[in-house]
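The block underneath contains the structure these notes are about, expressed in structure tokens.
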Amino acid sequence: MAPVRRSTRRTPRHTPDHALQEPPVTRPTSRDVATAAGVSQATVSLVLGDKWRGRVSERTADLVRETATRLGYRPNLAARNLRLGSTRTALLVVPALTNEFFARVYTGAARIAAEHGFGVVLYPSPDGTGPARNPFASARAALDGVIASSMAAGALEAIGGDGLPLVMLDSDPTAGPAAAHVNLAMADGMRQVTEHLLTLGHHRFLHLASAIDTWTFHIRAEALTTLLGPHTELRTVRAPLTVEGARTAMESALATPGNRPTAVICDDDVLAAGACKAARRLGLRIPDDLSVTGFDDLALATAVEPELTTVRLPAERVGEQGMTALLAVLEGTPWTAPDIPVQLVTRGSTGPAR
């Protein structure tokens, strides 16, 4: 019987899939940054936590930041927040997400927040927050502070009782629980409007006022009354803050030809758009028969024809200062600042009194 020959060829063994995988890429740590920069981990923490001033030289701080960028280091925010008992999150409360002004406020606040490792959560409160809708009680542990517009009036009671650091935008600086206030120079904006119209020879005015009961609109009304002298006529009509609401109110106010104003001063560009619409429906020419002014300088101001004379409100700067103020409050630093300047932008909706 012939002997059985064994094959000398080896059968390759199966290699498990996990053995073929590349080793996981590890994220650089603060220790890696410290080693590469030749400093301690404590120094890295001070610099990247923006607490280095007075403790670390500017040259060392620059070196640490450059090294962190070169290595692609990103701080583990979750771990740091657990250590510090902080989420580095601010809540911005506004009356509506669809309002262009408050969208720009958010843009400014988010920009400053990002520069300091914070996030901003946007909360619209058009009708206020009742006990069943209060987002602050359940979210208390997830927030470091709140920035709120005075126009979100229904939310203020909920915020005030929650113990969170609060920065108020466009609100009465002498009232409420706020730790800081950020205001626009609304009274000065109204001064610029009235001086412009008086120079054009107007003496019969109609104030198309917002029906929203809030400090920012009260200030405009008070300033207008104070600025107009005894030789002028001023009538006030209130309207919802919508184009159609303003149009309806203005059509009623302008219905009697013998008692018509020569200039309409509106609390908002949206109201001004409604006023222009009402004037056209009544056969009035702007600005020949009626001058119209607004507030805000929204995109709408240049979409109407003629383009709207209005007061430009720097909304992004409001958001930037609001977030800056909150950061100061969280650091325990008193924060005060003068009112943010506003500017009259003269366009085609105003002209000499007829």
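The values are calculated or read from the model by the stated rules, or taken from the named source; none is laboratory data. All figures in this text were calculated on a predicted structure; none of them were measured in a lab. Methodologically, a virtual Cβ is constructed for each residue, glycine included, from the backbone with ideal geometry; neighbour enumeration extends over all protein chains shown.
List of remarks:
- Filtered residues of the stretch 161-192 (kept if farther than 15 Å from W215 by Cβ and modelled with pLDDT under 80): G161, D162, G163, L164
- Some residue of the stretch 338-349 being at pLDDT below 95 and part of a loop (DSSP other than H, G, I, E, B): yes
- Checking each residue in the stretch 167-220 for being among the acidic types (D, E) and under 20 Å from the mean Cα position of the chain (by Cα) picks out D170, D172.
- Set side by side, the residues I265, I286 differ, and just one is touching a His at 6+ places or on another chain (Cβ under 6 Å), in contact (Cβ under 8 Å) with a residue 40 or more places away in the chain and of a type outside the set (S, T, N, Q), which is I265.
- Here the stretch 20-68 is the region considered, the condition is being among the β-branched types (V, I, T) and at pLDDT below 80, and the residue that is farthest from A328 (Cα to Cα) is V25.
- Qualifying residue in the stretch 267-280 (condition: touching a Phe, Trp or Tyr at 6+ places or on another chain (Cβ under 8 Å) and on the phi > 0 side of the Ramachandran plot): no
- Against the test of being hydroxyl-bearing (S, T, Y), under 15 Å from F101 (Cα atoms) and buried (at least 16 other Cβ atoms within 10 Å of the Cβ), the options T310, T324 yield a single qualifying residue, T310.
Conditions tested, residue by residue: (1) touching a residue at least 12 places away in the same chain (Cβ under 8 Å); (2) outside the structural domain of A103 (by TED's automatic domain parsing).
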{"residue": "H231", "(1), (2)": "yes, yes"}
{"residue": "L241", "(1), (2)": "yes, yes"}
{"residue": "N259", "(1), (2)": "no, yes"}
{"residue": "A299", "(1), (2)": "yes, yes"}
{"residue": "E320", "(1), (2)": "yes, no"}
{"residue": "T324", "(1), (2)": "yes, no"}
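- Lone unmet requirement of (1) surrounded by 11 or more Cβ atoms within 10 Å (Cβ to Cβ); (2) of a type in the set (A, V, I, L, M); (3) outside any helix (DSSP H, G or I); (4) modelled with pLDDT under 50 for L82: (3)
- Checking V311 against (1) over 18 Å from the mean Cα position of the chain (by Cα); (2) part of a strand (DSSP E or B), the condition it does not meet: (1)
- Restricted to the stretch 212-229, and to residues there that are modelled with pLDDT under 95 and either small (G, A, S) or part of a loop (DSSP other than H, G, I, E, B) (or both), the residue that is surrounded by the most Cβ atoms within 10 Å (Cβ to Cβ) is L228.
- Within the stretch 256-270, considering residues that are under 23 Å from D288 (Cβ atoms) and touching a Leu at 6+ places or on another chain (Cβ under 8 Å), the one surrounded by the most Cβ atoms within 10 Å (Cβ to Cβ): V264
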